[in-house]
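Each reported figure results from applying straightforward, stated rules to the coordinates on display, with no laboratory input. For clarity, every value in this text was computed on a predicted model and none was experimentally measured. Neighbour counts run over all protein chains shown; Cβ positions are idealised from the backbone, glycine included.
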């Protein structure tokens, strides 16, 4: 498990000036700020220029917790005899929305041999993205929708160096 990386996101949320550590986290949206009681349903995309755009629905009246939302994203395609990788994120607990976890499949989703918890606390909606440098980004709701966190990590970290790339 990697240590949380506290936010260096500027107040206008227009740039993220985080360090370049291999595995880091940044709080992107926090309940009670900017006039919203809760932020829900995060999404993240990478532009062709490599800019990360993070979105979340701001709710004035609260969280209104619905069903959990998972995210699935292809990290890489099979190439030169090596398998591709598919990523899947969700809260991995049968007893509530806790233990935000990312899994990896090397056989197009038939099996998920790699599983790593990225956040032990409460978690719900998540969105995965593959960054231009190959790192993985996961934007997810945390702590009963009080925060939306962005976690950045490599496939090697996720697989403890056993990735089949």
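Annotation: the residues 141, 24, 57, 94, sorted from fewest to most other C-beta atoms within 10 Å of their own C-beta, follow the order 94, 57, 24, 141. Ordered by the number of other Cβ atoms lying within 10 Å of each residue's own Cβ, fewest first, 152, 82 fall into the sequence 82, 152. Shown is the FRET efficiency for residue 115 and residue 43, computed with R0 = 22 Å from the Cβ-Cβ distance and rounded to the nearest 0.05: 0.40.
Once both labels are positioned 7 Å from their Cα atoms along Cα-to-Cβ, the gap between residue 154 and residue 34 label points is 3.1 nm. Would you work out if the stretch 100-154 is rounded, prolate or oblate? Take a ≥ b ≥ c from the square roots of the eigenvalues of the alpha-carbon gyration tensor; rounded if a/c is under 1.5, else prolate when a/b is larger than b/c, oblate otherwise. It comes out oblate by the Cα gyration axes.
Under the simplified labelling scheme, the residue 108-residue 80 pair shows an inter-label distance of 2.3 nm, with each label point 7 Å from Cα along Cα→Cβ.
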